[in-house]
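The values are calculated or read from the model by the stated rules, or taken from the named source; none is laboratory data. For clarity, every value in this text was computed on a predicted model and none was experimentally measured. Every residue, glycine among them, receives a Cβ derived from its backbone with ideal geometry; neighbour counts consider all protein chains shown. Remember, those area values only see protein heavy atoms, side chains included, never the ligands or the DNA or RNA. Shrake-Rupley method; radii C 1.70, N 1.55, O 1.52, S 1.80 Å.
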Amino acid sequence: MGDIWKSTAIITGASSGVGLYGAKALAAKGWYVVMACRDVVKGAKAAQDLQIPEENYTVMEIDLASLDSVRQFVKTFRDRGRSLEALVCNAAVYLPLQKEPLRSPDGYELSVATNHLGHFLLCNLMLDDLRRSPVPTKRLVILGTVTANSKELGGKIPIPAPPDLGDLQGFEAGFKEPIAMINGKKFKSGKAYKDSKLCNMLTARELHRRYHNTTGIVVSSIYPGCVADTPLFRNHFSLFRTIFPWFQKNITKGYVTQELAGERLAEVVADRNYKQSGVHWSWGNRQQEGREAFVQELSAEGSDDAKAKKMWELSEKLVGLA
Ligand code: NAP
């Protein structure tokens, strides 16, 4: 523990992209950042390369695809004796070219296991840590995305293979081989990512509904803009990785630098303007200089409280909390 007390934030997936730049921006605001990474050597190098001051961060191991690893992370964090003022669920994998599902150590489809189930368990376990912090303003922020929220695009632009959790038949049936999709239907890799991000936004809403009034924890989800050149797209065709940033810069005007996305994330974690709980923050899809955040409505499925409740209860079973 440093000499000067600093608010502490955990950011998952802080070894690159939005999480890394979010860690940098939060450290610049005087926070102490626990960079929760699956590759701690990579995380440490990334922090050094960005010259995040050493006294403002530590790197800790977590593999969100593994429920055991998530539990071990929580234990190690507690053993270190820090209080927790913010948890940021940012890590994700996107595997759009995967023809067959990859499996997590627990046997679940890998993108839903990593992006949703690992974070779901982490949030549930760390609620107690947030609750115990003596600081009155505590935040839990989860990264959502535009392709899992048709309302962000005015509902007018069709999203290929849009998210659809159905009646969560796949979760209900245990979500293990041969089941690979939450709705129990045929595996579609890009859709699995969007389903997982929809679960992220539903989790934020349900966390707010269940715990905001009793704990005061401010829960929100965020879409930081299209950060088209992060390694998130590393598993896509190389041509896509060349064209996508250009397209976002010049045609949709949705492109946001990793630095700006990180600053936006840090604002939602630390600034008083973002103390509203149970909302989804966005800066819109056409970027303009000095654009301010606003509360973005979610799609019909993303606003469906009955579905959020069912998703929550089935996720509890899948991660061993029920
Ligand atoms: P990124 O650069 O690929 O960062 C993803 C991070 O997640 C990396 O640090 C990665 O670690 C980590 N990660 C992956 N699997 C993990 C696991 N099993 N356990 C622990 N960490 C794991 O992607 P990004 O674009 O910054 O995305 C960050 C978040 O923003 C995601 O939630 C994404 O859905 C969201 N988002 C992104 C965009 C965009 O345009 N890029 C737009 C909207 C929302 P490694 O370094 O070890 O791979």
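Brief remarks on what is shown
- Accessible area of the stretch 242-322 belonging to carbon and sulfur atoms, whole % at 1.4 Å probe: 48
- Think of a 1.4 Å ball rolled over the protein heavy atoms: the stretch 167-313 then has 47 Å² of accessible area per residue.
- Surface calculation, 1.4 Å probe, protein heavy atoms: I4 sits at approximately 130 Å² accessible.
- Shape category assigned to the stretch 1-136 from the gyration tensor of Cα positions, a/c cut at 1.5: oblate
- Looking at the stretch 10-99, the accessible area is 41 square angstrom per residue; that uses a 1.4 Å probe and ignores ligands, DNA and RNA.
- Per residue of the chain, the DSSP helices (runs of n ≥ 4 H) give a summed -39500 (n - 2.57) that works out to -11500 deg cm²/dmol at 222 nm.
- Model label points for R80 and T137, set 7 angstrom from Cα along the Cα-to-Cβ axis, are 2.4 nm apart.
- Antiparallel content of DSSP bridges confined to the chain, in %, to 5: 15
- Other-chain or far-sequence residues with amide H under 5 Å of Y255's (modelled H): K249, Q287
- The stretch 100-116 - phi-based ³J(HN,Hα) in whole Hz, Karplus 6.51/-1.76/1.60, Gly and Pro as x: 10, x, 8, 10, 7, x, 8, x, 8, 4, 5, 6, 5, 4, 6, 6, 9
- Percent carbon-and-sulfur accessible area, the stretch 1-99, ignoring ligands, DNA and RNA, probe 1.4 Å: 47
- Split the accessible area of the stretch 107-168 by element, probe 1.4 Å, and carbon with sulfur accounts for 61%.
- In terms of its C-alpha gyration tensor, the stretch 108-253 has an oblate overall shape, because the principal axis ratio a/c (a ≥ b ≥ c, square roots of the eigenvalues) is not below 1.5 and a/b does not outweigh b/c.
- Gyration tensor (alpha-carbon) shape descriptor, the chain, a/c threshold 1.5: rounded
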